[in-house]
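In what follows, a structure is listed as structure tokens, so that the remarks can point back to it.
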Amino acid sequence: MNRAEAVETEIAPADYLSRLGGAGEGPHDIATAALMLAALDHPEKKLAPFLAHLAELSEAARAEAAFAHDAETAAHALGRLFTGRFGYDGDRMAYDDPDNADLLMVIERRRGLPVALGILYMHAARAARMEAQGLHAPGHFLLKIVVKGSEAFVDPFAGGATLDREHVAPHLGVPMLAGEPGVGEVPGAYEPVSDVDVLLRLQNNIRNRALRNRDSARAIEIGRRMAQLAPYRPPLWLELARLQETAGALSAARSAYEHCLKASRGGDMFHNEATLALDALRRRIN
């Protein structure tokens, strides 16, 4: 589903995300999906100006990267575009501000978390006909772009700086000094992740901040959105059910446990945990 379809049909954000959840891992129109997630918290805002900004980013990226002969050159072009022309940067002064994971606010403020900025970089790179994917870098979101067979690792939080593979800690996904413990090849490091993984990472930032602030209602709401994005992933339902049960929302927790059972395979860890939890919950309810 593209931005034009979303605007043309005036689809509600919740309906858009439900359709996205039924469409699998992607690739998707990842920036529009992130906008729709943010729109759930801003029903008063019109999406048209934000969608127009995405279109502007696309057009500018196509022009800026038109003559890039390899991925590193293209990455530098994107960095100039975002930092120079549009004024984007990582928010180092208020890193934990929830607005940094809200794409509507990121676009308004031109500041955000690595994953939020990364979604915009991915959007622009794809518009310029580059391959762009998020990477499995647990400590700090990175993305990979591919141009004419060459690849570059890009840090969107650092103005689109490119990173050499050997200078990145595989287990953290952040730069480390030469000779520091932990530098080396780790299986699974730098593996591309799906668009759904990237969107879930964005939402997980919001949920974790809510949990730290002991805002269970907010954490549950974000958990619902995460399960809506990937209803076929049992852990999302299990985590949601536990949050709901802890908050005393027992009927909702029962439903989430049941969704976990439907999404899991009989005999796997999540199926077994959900079965035990659901049995215990039913005894409490009855």
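The values are calculated or read from the model by the stated rules, or taken from the named source; none is laboratory data. What you see is a predicted model, and the numbers here were worked out from it, not measured in a lab. Because the Cβ atoms are built from the backbone with ideal geometry, glycine has one as well, and the counts that use them run over all protein chains shown. Areas reflect the complete protein model, heavy atoms only, side chains present, ligands, DNA and RNA absent. Shrake-Rupley method; radii C 1.70, N 1.55, O 1.52, S 1.80 Å.
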Which of (1) open to solvent by 60 Å² or more (accessible area, probe 1.4 Å); (2) among the aromatic types (Phe, Trp, Tyr); (3) under 17 Å from the mean Cα position of the chain (by Cα) does Tyr16 not meet, given it meets every other one?
(1)
For the stretch 205-225, how many residues are under 19 Å from His259 (Cβ atoms) and modelled with pLDDT under 95?
0
Looking only at the stretch 8-28, how many residues end up being out of contact with any helix residue (DSSP H, G or I) (no Cβ under 6 Å at 6 or more places or on another chain) and either modelled with pLDDT of 95 or more or not small (Gly, Ala, Ser) (or both)?
6
Which of the residues spanning the stretch 62-82 are buried (at least 18 other Cβ atoms within 10 Å of the Cβ) and within 17 Å of Asp155 (Cα to Cα)?
Ala71, Ala74, Ala75, His76, Ala77, Leu78, Gly79, Leu81, Phe82
Candidates Ser264, Ser255, filtered to the one that is of a type in the set (Ser, Thr, Tyr), under 25 Å from Glu25 (Cα atoms), in contact with a His (Cβ under 7 Å, 6 or more places away or on another chain) and open to solvent by 10 Å² or more (accessible area, probe 1.4 Å):
Ser264
For the stretch 132-151, the count of residues that are open to solvent by less than 10 Å² (accessible area, probe 1.4 Å) and in a strand (DSSP E or B) equals 5
Inspect all residues belonging to the stretch 115-124 and state whether any of them is part of a loop (DSSP other than H, G, I, E, B) and open to solvent by less than 20 Å² (accessible area, probe 1.4 Å).
no
Looking at the stretch 189-217, which of its residues are among the basic types (Lys, Arg) and over 8 Å from the mean Cα position of the chain (by Cα)?
Arg207, Arg209, Arg212, Arg214
Can you confirm whether Leu47 is farther than 24 Å from Ala158 by Cβ and open to solvent by less than 70 Å² (accessible area, probe 1.4 Å)?
yes
Is it true that Leu238 is open to solvent by less than 70 Å² (accessible area, probe 1.4 Å) and closer than 19 Å to Ala210 by Cα?
yes
Restricting attention to the stretch 85-106, which residues are crowded, with 22+ Cβ neighbours inside 10 Å and closer than 16 Å to Ile206 by Cβ?
Asn100, Ala101, Asp102, Leu103, Val106
Residue check for Gly90: over 16 Å from Leu103 (Cα atoms) and modelled with pLDDT under 95
no
